[in-house]
Each structure stands twice: as structure tokens, then as C-alpha cells.
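Visitor: So that we are looking at the same thing, I have put the structure below in C-alpha cells.
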Amino acid sequence: KAGVTQTPRYLIKTRGQQVTLSCSPISGHRSVSWYQQTPGQGLQFLFEYFSETQRNKGNFPGRFSGRQFSNSRSEMNVSTLELGDSALYLCASSLEQGTTGELFFGEGSRLTVL
Amino acid sequence: KNEVEQSPQNLTAQEGEFITINCSYSVGISALHWLQQHPGGGIVSLFMLSSGKKKHGRLIATINIQEKHSSLHITASHPRDSAVYICAVKGPNSNYQLIWGAGTKLIIKP
């Protein structure tokens, strides 16, 4: 059974650009949540999608957005990139909605903004 | 004060030592997760528990709901156990968000 796949693994952008990250959950999982991790910081919740609907959103500006497709794959987009957006972006999939089910994480997408 | 506090922040031990990492939380919870993050960044879920104790190989996780405290133990520690261990809880008023601890960085020396 394939794990959670995130692409790209590494990317470099410049300020003002936009970026799209992809997350393919474990087959059969319908919940995908996204997190941002900056150096020295714990994971910060971005949003969760379940059955193509955003179920919850963290405290991030509107430049951060996401969506989920009918096959449960999810994308997140960050527009007008800022230096502070440099981080490891992790997604996690779960069989159940919310976080009472076991979480399976991808390897992350490491974004560097210059 | 953070709702989820982990201690210690950093821990260095010799191979073979018994390791304990603590997690205290201030909210009522429905579930507590222990996760492991290796230097490359990937995170692995170790345990999810809401009461009692769970064991997997050399890892043991316990939780005391009344005291709002959980511990992660590693027996016969090995250098490959070196990682950041993270505790996260689902609080009653957080919808579907997890409340994350800052992590404990563990280094096991051979």
C-alpha cells in the first residue's frame, strides 16, 4: 500500500511568486490536512479537507489556500510569496474526518523563498 | 503558557539507556498522538491513545487522563532512535485541529 506522496520535495521561489504543492493520500483515505513547520517551531495547522470540502482552517492569511479533488488528492497554494513562507509543508492523510484517527504523513515539501 | 508542554526540550543519552519523554496538556482531550520526526523531515505516527498504555516494540506510551499527562518511553535505546518526538492532542473545542507540542529532540550516542 503506497504511503502519502508529496510533490515536489524541494523547491525554490522568489518573493511575489506563487507556489502549488500536491499531496496524494493513502488509497481509501478521504481526509487530508496540511501543516507548516518553520525552523524551531512546532507544526502549525493550515487546513483540513474531507470529501472535497474544507472542514477547518488554521490561522493563516488568505494567501494560503487549498482544495481537494474527487480522488482525495489535495493541493495547497500560496500566492504572493514572502520570505517568511520558507518552511517545510507537510500533509497528513487519515481514514476518518478530523484528527481522532491515526495520521499518516508525507515526507514534506521544503519551500525556500529568496 | 502553551496548552501542550513537552519535556525535556533536548535529551542526549548513551545507547542502551531507558528514555522518558513527557507531555503535559491543559485541555480536556479525546485523543493524544505521539509522533516521530527524523532529520529529513518525514513524520511517523507512533501511537494514538486516549487511555491506559500502548506498547510497540521498544516503545511504550502511557497516558493519565486525570493528571493530563502522557509519557513516551524507549527501552534499550539505539542511535537510530535519534529524532524529534512530538506530542499532539485533540482538544474538545478545537474542531478538528490538533494542538501540537514543540517536540523533544533526542540524540542517542553509540
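Every read-out reported here was derived from the displayed coordinates using simple, explicitly stated rules and does not represent laboratory data. Being a predicted model, the structure only gives us computed values, none of them experimental. Don't worry about glycine lacking a Cβ; one is built from the backbone with ideal geometry, like all the others, and counts go over all protein chains shown.
Visitor: Given the criteria under 17 Å from B:A88 (Cβ atoms), facing chain B (nearest Cβ under 8 Å) and either crowded, with 20+ Cβ neighbours inside 10 Å or among the hydrophobic types (A, V, I, L, M, F, W, C) (or both), does A:F105 qualify?
Guide: Spelling it out, A:F105 is indeed under 17 Å from B:A88 (Cβ atoms), facing chain B (nearest Cβ under 8 Å) and either crowded, with 20+ Cβ neighbours inside 10 Å or among the hydrophobic types (A, V, I, L, M, F, W, C) (or both).
Visitor: If you don't mind, there's one more thing I want to ask. Inspect the stretch B:65-82 for any residue being surrounded by fewer than 21 Cβ atoms within 10 Å (Cβ to Cβ), over 11 Å from the mean Cα position of the chain (by Cα) and under 21 Å from A:G40 (Cβ atoms) and give the result as yes or no.
Guide: Scanning the stretch B:65-82, I find at least one residue that is surrounded by fewer than 21 Cβ atoms within 10 Å (Cβ to Cβ), over 11 Å from the mean Cα position of the chain (by Cα) and under 21 Å from A:G40 (Cβ atoms), so the answer is yes.
Visitor: Considering only the stretch B:34-48, I want to know if a residue exists there that is in contact (Cβ under 8 Å) with a residue 24 or more places away in the chain, in a loop (DSSP other than H, G, I, E, B) and either more than 10 Å from every other protein chain (Cβ to nearest Cβ) or not hydrophobic (A, V, I, L, M, F, W, C) (or both). Talk me through it step by step, then tell me what you get.
Guide: As a first pass, look at the stretch B:34-48 and keep what is in contact (Cβ under 8 Å) with a residue 24 or more places away in the chain: B:34-39, B:43, B:46-47.
With in a loop (DSSP other than H, G, I, E, B) added as a condition, the list becomes B:38-39.
Among the residues that remain, those that are also either more than 10 Å from every other protein chain (Cβ to nearest Cβ) or not hydrophobic (A, V, I, L, M, F, W, C) (or both) are: B:38-39.
Yes: the stretch B:34-48 contains one or more residues that are in contact (Cβ under 8 Å) with a residue 24 or more places away in the chain, in a loop (DSSP other than H, G, I, E, B) and either more than 10 Å from every other protein chain (Cβ to nearest Cβ) or not hydrophobic (A, V, I, L, M, F, W, C) (or both).
Visitor: Which residue, of B:G91, B:G40, B:G103, B:G52, is under 29 Å from A:T5 (Cα atoms) and surrounded by fewer than 17 Cβ atoms within 10 Å (Cβ to Cβ)? Quick ask: steps written out before the conclusion?
Guide: Details: B:G91 fails: surrounded by fewer than 17 Cβ atoms within 10 Å (Cβ to Cβ); B:G103 fails: surrounded by fewer than 17 Cβ atoms within 10 Å (Cβ to Cβ); B:G52 fails: under 29 Å from A:T5 (Cα atoms).
After applying the criteria, what remains is B:G40.
Visitor: Considering (1) more than 21 Å from A:E96 (Cβ to Cβ); (2) within 11 Å of chain A (Cβ to nearest Cβ); (3) of a type in the set (A, V, I, L, M), say which one B:L72 fails and leave the rest.
Guide: Of everything listed in (1) more than 21 Å from A:E96 (Cβ to Cβ); (2) within 11 Å of chain A (Cβ to nearest Cβ); (3) of a type in the set (A, V, I, L, M), B:L72 misses just condition (2).
Visitor: Just checking, does the stretch B:17-28 include any residue being hydroxyl-bearing (S, T, Y) and part of a loop (DSSP other than H, G, I, E, B)?
Guide: Filtering the stretch B:17-28 for residues hydroxyl-bearing (S, T, Y) gives B:20, B:24-26.
Filter once more, keeping what is part of a loop (DSSP other than H, G, I, E, B): B:26.
Taking every residue of the stretch B:17-28 in turn, at least one turns out to be hydroxyl-bearing (S, T, Y) and part of a loop (DSSP other than H, G, I, E, B).
Visitor: Looking only at the stretch A:65-80, count every residue that is within 23 Å of A:T5 (Cβ to Cβ) and either buried (at least 19 other Cβ atoms within 10 Å of the Cβ) or small (G, A, S) (or both) and tell me the total. So that I can check it myself, show each step before the final result.
Guide: Pass one, the stretch A:65-80, residues within 23 Å of A:T5 (Cβ to Cβ): A:65-78.
Narrowing further to those that are either buried (at least 19 other Cβ atoms within 10 Å of the Cβ) or small (G, A, S) (or both): A:65-66, A:68, A:70, A:72, A:74, A:76, A:78.
Selection size over the stretch A:65-80: 8.
Visitor: State yes or no: is A:S33 in contact with an Asp or Glu (Cβ under 7 Å, 6 or more places away or on another chain), surrounded by fewer than 16 Cβ atoms within 10 Å (Cβ to Cβ) and either without any contact (Cβ under 8 Å) to a residue 12 or more places away in the chain or hydroxyl-bearing (S, T, Y) (or both)? Give the derivation first.
Guide: Values: in contact with an Asp or Glu (Cβ under 7 Å, 6 or more places away or on another chain): yes; surrounded by fewer than 16 Cβ atoms within 10 Å (Cβ to Cβ): no; either without any contact (Cβ under 8 Å) to a residue 12 or more places away in the chain or hydroxyl-bearing (S, T, Y) (or both): yes.
The answer is no for A:S33.
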